[in-house]
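A short worksheet on the structure shown next.
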Amino acid sequence: MLNQIATNLATDPDPVTATAEHIQLFWDPRMKQMILESDGEGLSPEAAAAVQRLAQAHASA
């Protein structure tokens, strides 16, 4: 699902930020926790970068 979201947001001026914001705004907290705990296997580079950005924001919060 995350790869599809990243693909849909690929035309955004900053697709990684747009994907990370989508996850933050619309995903259930349990889903966010699962993706943050995953190893990123199977994620596109953009989706993986969005997860990394979320992890960094989560660590600094």
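Descriptive notes on the structure:
- Near pairs, Cβ below 8 angstrom, 6+ apart or cross-chain, from the stretch 41-56 (closer than 13 Å to GLN24 by Cα) to any residue that is of a type in the set (D, E, K, R) and not in a loop (DSSP other than H, G, I, E, B): LEU54/LYS32
- The criterion of being of a type in the set (S, T, N, Q), within 8 Å of the chain's Cα centre (by Cα) and surrounded by 14 or more Cβ atoms within 10 Å (Cβ to Cβ) does not hold for THR7.
- Condition check for SER44: among the hydroxyl-bearing types (Ser, Thr, Tyr) and more than 13 Å from MET1 (Cα to Cα): no
Every residue, every condition in (1) closer than 21 Å to ALA59 by Cα; (2) at pLDDT below 95, yes or no:
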residue: ASN3; (1), (2): no, no
residue: ALA6; (1), (2): no, no
residue: ALA10; (1), (2): no, no
residue: ASP14; (1), (2): no, no
residue: ALA20; (1), (2): yes, no
residue: LEU25; (1), (2): yes, no
residue: PRO29; (1), (2): yes, no
residue: GLY40; (1), (2): yes, yes
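The values are calculated or read from the model by the stated rules, or taken from the named source; none is laboratory data. The structure displayed is predicted, hence computed values, not measured ones. Methodologically, a virtual Cβ is constructed for each residue, glycine included, from the backbone with ideal geometry; neighbour enumeration extends over all protein chains shown.
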